[in-house]
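Structure first, commentary second.
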Amino acid sequence: MPDVTENASTTEQRTDPPADRPPVPGVAGSEPAGPPRLMLLDGHSLAYRAFFALPAENFTTGDGRPTNAVYGFTSMLANTVRDERPTHLAVAFDVSRRTWRSERFAEYKANRSATPDEFRGQVTAIGELLDGMNVPRFAVEGFEADDIIATLATRAAAEGFEVLVVTGDRDSFQLVSDRITVLYPTKGVSELTRFTPAAVEEKYGLTPERYPDFAALRGDPSDNLPGIPGVGEKTAVKWLRQFGSLEELLERAEEVKGKVGANLREHLESVRLNRELTEMVRDMDLPAGPAELIRAPYDREAVTALLDSLEFRNRSLRDRLFAIDPAEAEAEADEGA
């Protein structure tokens with residue numbers, strides 16, 4: 001692949017991070033004043049967005065392998081870690097579309113088109129990159145990456161971590177709390193919007209806890225979850241404000257007047273199922289917990305070899321990626337000692 005000029009859509013990242021960022025782990029004498037910070041990334045979600053954000057014809061090796069998803073994901077990862085400086089880091093991936101949700105509802109995500117062949121091999125390359133960076137990655141048969149992230153985020157928050165979830169799935173807004181912030185891509189994977197409890201409430205008029213109720217009423221075309229005829233986001237919010245929760249609304253459905261009330265009563269079971277499927281699993285049995293996800297130095301030879309094989313010759317990408325290597329921070333600290 002020829003040298004790729006950095007594309008503004010893949011390198012500029014606006015997350016407005018807090019000023020009191022903790023330092024990169026391993027820097028002697030500069031331990032963070034605040035709590036440890038865990039960053040969790042939804043690997044498939046972010047890689048897929050990168051795949052469609054960058055033209056494949058500009059990111060192809062000499063032997064014809066597409067690399068746009070790997071390039072976009074790598075650039076996003078380098079920028080986000082640089083900006084947010086997590087002390088702990090992990091990436092979660094889906095295994096397949098067969099999960100406990102598809103067992104409960106056979107049509108779950110059945111409307112989605114087949115994964116492009118040009119994308120498949122790139123997930124493997126991203127996994128190899130993360131291995132070289134010594135970044136833990138998780139994938140569990142029967143569960144989605146969302147469930148893994150929800151489990152780790154919930155545990156980490158309970159253990160006193162500050163948690164950042166980087167994902168393109170809006171269902172993650174249900175996780176937002178005083179300790180958990182979602183960084184949601186709003187332009188490819190280059191611009192991330194910070195969703196705090198206040199931001200979720202400002203956008204949807206509801207607290208994060210009520211987001212699954214809202215999603216159950218609204219339906220979700222991307223997951224093939226049916227909505228209620230005549231009921232959009234405004235009506236869903238109005239009902240939840242009036243009744244306080246989905247459970248209370250469904251118990252008092254007879255109080256909802258007009259055609260939309262009749263439609264609600266005709267779709268009670270599908271709404272209940274939507275609510276079940278939208279809720280993320282927060283108690284999975286995982287091989288590692290938050291404390292074990294502390295960042296570690298790269299296998300620099302492995303990372304360099306992979307970048308070479310992908311023909312990523314752009315100096316800026318390599319510099320940004322290696323600048324966030326914890327070993328780099330240690331070396332700088334030793335030089336300054």
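Each reported figure results from applying straightforward, stated rules to the coordinates on display, with no laboratory input. Model, not experiment: these values are computed from the prediction. Cβ: placed from backbone, ideal geometry, glycine included. Neighbour counts: every protein chain shown.
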Practice task
Find which of T235, P208, G160 sits farthest along the positive direction of the dipole of the chain, computed with +1 on the beta-carbon of Lys and Arg, -1 on that of Asp and Glu, about the Cα centre.
Solution key: T235
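Using packing as a proxy for protection, rank 263-269, 133-139 so that the peptide with the highest average count of other Cβ atoms within 10 Å comes first. Walk me through the intermediate numbers first.
On the way: 263-269: 15.0, 133-139: 20.1.
Listed from highest to lowest mean packing, they are 133-139, 263-269.
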Exercise for the section: Find how much the distance from A291 to S96 grows on full extension, using 0.36 nm per residue of separation minus their present alpha carbon separation; answer in nm with one decimal. Expected result: 67.4 nm
Practice task
Using a Förster distance of 35 angstrom, determine the FRET efficiency expected from the C-beta separation of T61 and A158, and round it to 0.05.
Solution key: 0.20
Exercise for the section: Taking only Cα atoms and a 10 Å spring cutoff, compute GNM fluctuations for the chain and point out the largest among E202, E191, E279. Expected result: E202
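Between D319 and E103, how high is the FRET efficiency from 1/(1 + (r/R0)^6) when r is the Cβ-Cβ distance and R₀ = 41 Å? Nearest 0.05. Please list the in-between numbers first.
On the way: r = 46 Å, r/R0 = 1.12.
It comes to 0.35.
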Practice task
List the lysines whose Cα lies under 26 Å from the Cα of K259, skipping any in the same chain that are fewer than 8 positions away.
Solution key: K234, K238
Fill in the blank from the handout: Taking every DSSP bridge whose two residues both lie in the chain, the antiparallel percent to the nearest 5 is 30 percent
Problem - D299-L268 pseudo-label distance in nm [points 7 Å out on the Cα-to-Cβ vector] - result: 5.7 nm
Practice task
Identify which of the listed values of P(r) over Cα pairs in 20 Å bins from 0, in percent was calculated from the structure shown: [x] 18, 27, 14, 11, 14, 11, 5, 1; [y] 29, 54, 15, 1; [z] 34, 62, 4.
Solution key: [y]
Problem - Charged-residue dipole, Cβ positions (Lys, Arg, Asp, Glu), the chain about Cα centre, Debye nearest 20 - result: 1160 debye
Completion exercise
From the Cα centre of segment 263-335 to that of segment 224-246, the distance in Å is 33 Å
Handout entry: For the chain: relative contact order, % (alpha-carbon pairs under 8 angstrom, 6 or more apart)
Key = 25 percent
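Rounded to the nearest 20 Debye, what is the dipole magnitude of segment 208-278 about its Cα centre when Lys and Arg each give +1 and Asp and Glu each give -1 at the C-beta? Walk me through the intermediate numbers first.
Working: 11 positive and 13 negative charges, 73 e Å.
In debye, rounded to 20, segment 208-278 gives about 340.
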Exercise for the section: Would you kindly state how much longer the chain becomes between E118 and K259 on full extension, computed as 0.36 nm times their sequence separation minus their alpha carbon distance, in nm to one decimal? Expected result: 46.1 nm
